[in-house]
Amino acid sequence: MVSLRPIPTALVPVDSAAAERVSARNYDEYLGDDDVRREIGERPDCILRVTMAHCDAGAGEVGEGSPEALDRAARNLEELARGPLTRTVPDVLFVYEIDDPRRPGVRQIGLGGMASTREIRTEARPEGTVIRNEGIREEKARGRARLVGRTGAFVGTVNLAVEDAEGRFAGALKAYADRTPEAYRATDEDGCVHRVHLVEAAAAARTPLREALAAEPLAYVADGNHRSAAADMLGLDGYLAVFFPAATMGLAPYNRLVAGPRLDAAELLAGVREHFAVDRLEGVRAFQPEALHRIGLYVDGVWYRLVPGPGSYDPGSAVDTVDADIVQRRLFGDVLGIADPRDDRLTFVGAARDAHWLALRVDAGDYAYAVTLPPVTMAQFVRVCRQGRLMPPKSTWFRPKLRMGLVVALLER
């Protein structure tokens, strides 16, 4: 069973114009602090002033997660809550719909509210029905916990998938969205339209949407593992979440840049051929594979297509078949000697930057190689979770990501 309860007090934009001003991309969609500072400079009302307060105008040299940055985040949230762009709504659920122009005909609709921390599966709670897809870095989770604790709010939303094998949940969500006017909307930088339908007080208590979700035996964390862990660390009984039917969710490539060791192409490719079939792609400016077990490698101005050879992975293991794991073990570990995916020589690049951009960074001498991977499929993702395993680090880039600031859950004060 997967449960969801209304948000006791939600902070929401007053209308679509306000939603455009307040909302923003997630922090991990920016290239770095300078990118965030530019965004805040262009959109001074946006929620980044809370989640990335160390980048706020006038913040000076305060560090991310420092007491000074946390105090600024709390002040900025109070300012937003008192201002004309937001209002509070009691005891509310919400239906969140994303129209993605890259996926015509797909209606991605989910149900949002407060998910139960007690349902997260951990070593201490092996019976939990909410399964995380990757390991937790304790310090990162504690950083999220400090922000939640100091601001008294959940700003970031945890994105979860349910299998919905019979389509009951998806059907209920579509029916609600079709008959209920949206409260507001915002359009993101990729042209995706994010619509929010509020399910207020009395309706939230008796909606069949919760019953359809409760019929699901398991849910899988798609994005927001550390945000859910933060609630657990704080001893809170819930966290802000949206549950989507898995079949409607999109996944995009999650690529890699490698700083070294800098081998010449002949030496590198000799090692690569021990584990992969290698094809040189003449005249190709950018290679972003879409099919599983097709991997791109860019070195010395040339793209190569790699195909994992026999024995490079165990087809019976869900994790072993994920291309990110194959590359980590066979290319980075065996050939380059980078066994730890947390090694500073590896930079993980989400779908906000394409293969051509990666090649330009290599050409500029910033990195030795670029590696492009096909997106993980939902079938792979669910299979890994069902086997009780964790996805390889930085292997799933769910797209579109939820827009920050469209719903904020305020804690009791």
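Table for the structure above
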{"read-out": "Residue satisfying all of: in segment 294-320; among the β-branched types (Val, Ile, Thr) and in contact with a Leu (Cβ under 8 Å, 6 or more places away or on another chain); surrounded by the most Cβ atoms within 10 Å (Cβ to Cβ) among these", "value": "Ile295"}
{"read-out": "Residues satisfying the stated conditions in segment 232-251, i.e. of a type in the set (Val, Ile, Thr) and in a helix (DSSP H, G or I)", "value": "Thr248"}
{"read-out": "Conditions (1) of a type in the set (Lys, Arg); (2) without any contact (Cβ under 8 Å) to a residue 24 or more places away in the chain; (3) crowded, with 17+ Cβ neighbours inside 10 Å; number of the one not met by Arg206", "value": "(3)"}
{"read-out": "Filter pass, Gly365 being closer than 28 Å to Gln108 by Cβ and not aromatic (Phe, Trp, Tyr)", "value": "no"}
{"read-out": "Hits in segment 315-325 (condition: of a type in the set (Asp, Glu) and in contact (Cβ under 8 Å) with a residue 12 or more places away in the chain)", "value": "Asp323, Asp325"}
{"read-out": "When residues of segment 107-129 are limited to those that are aliphatic (A, V, I, L, M) and modelled with pLDDT of 95 or more, the one nearest to Leu390 (Cα to Cα)", "value": "Ala115"}
{"read-out": "Residue match in segment 238-255 (condition: over 16 Å from the mean Cα position of the chain (by Cα), among the small types (Gly, Ala, Ser) and more than 24 Å from Val95 (Cβ to Cβ))", "value": "no"}
{"read-out": "Some residue of segment 355-370 being charged (D, E, K, R), under 19 Å from Asp314 (Cβ atoms) and modelled with pLDDT of 95 or more", "value": "no"}
{"read-out": "Sole residue being at pLDDT 90 or above, hydrophobic (A, V, I, L, M, F, W, C), surrounded by fewer than 18 Cβ atoms within 10 Å (Cβ to Cβ) and in contact with a strand residue (DSSP E or B) (Cβ under 6 Å, 6 or more places away or on another chain), chosen from Ala214, Ala177", "value": "Ala177"}
{"read-out": "Residue within segment 247-263 that is free of Cβ contacts under 8 Å to residues at least 40 places away in the same chain, over 23 Å from Asn133 (Cβ atoms), surrounded by fewer than 17 Cβ atoms within 10 Å (Cβ to Cβ) and not assigned by TED's automatic domain parsing to the domain that holds Thr117 present", "value": "no"}
{"read-out": "Qualifying position, being closer than 30 Å to Val199 by Cα and under 16 Å from the mean Cα position of the chain (by Cα), among Pro375, Pro392, Pro400", "value": "Pro400"}
{"read-out": "Options Leu198, Leu234; residue that is at pLDDT below 95 and either under 13 Å from Leu4 (Cβ atoms) or of a type in the set (A, V, I, L, M) (or both)", "value": "Leu234"}
{"read-out": "Tabulated pairs, segment 160-174, first assigned by TED's automatic domain parsing to the domain that holds Leu402 and over 23 Å from Val384 (Cα atoms), second assigned to a loop (DSSP other than H, G, I, E, B) and among the small types (Gly, Ala, Ser), C-beta under 8 angstrom, 6+ apart or interchain", "value": "Arg168/Ala215"}
{"read-out": "Qualifying residue in segment 326-340 (condition: surrounded by fewer than 18 Cβ atoms within 10 Å (Cβ to Cβ), closer than 23 Å to Gly32 by Cβ and either under 27 Å from the mean Cα position of the chain (by Cα) or without any contact (Cβ under 8 Å) to a residue 24 or more places away in the chain (or both))", "value": "yes"}
{"read-out": "Test: residue in segment 74-89 that is surrounded by 17 or more Cβ atoms within 10 Å (Cβ to Cβ) and within 20 Å of the chain's Cα centre (by Cα)", "value": "no"}
{"read-out": "Long-range neighbours under 8 Å by Cβ, at least six apart or interchain, first residue under 16 Å from Arg285 (Cβ atoms) within segment 355-371, second surrounded by fewer than 16 Cβ atoms within 10 Å (Cβ to Cβ) and of a type outside the set (D, E, K, R)", "value": "Asp363/Gly301"}
{"read-out": "Qualifying positions in segment 155-209 - assigned to a strand (DSSP E or B) and farther than 22 Å from Ser116 by Cα", "value": "Tyr184, Arg185, Ala186, Thr187, Val193, His194, Arg195"}
{"read-out": "Count - residues of segment 120-137 that are in contact (Cβ under 8 Å) with a residue 60 or more places away in the chain and either farther than 26 Å from Arg210 by Cβ or not in a strand (DSSP E or B) (or both)", "value": "8"}
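The values are calculated or read from the model by the stated rules, or taken from the named source; none is laboratory data. Just so it is clear, the model here is predicted, and its values are computed rather than measured. Counting neighbours? That spans all protein chains shown, and the Cβs are built from the backbone with ideal geometry, glycine included.
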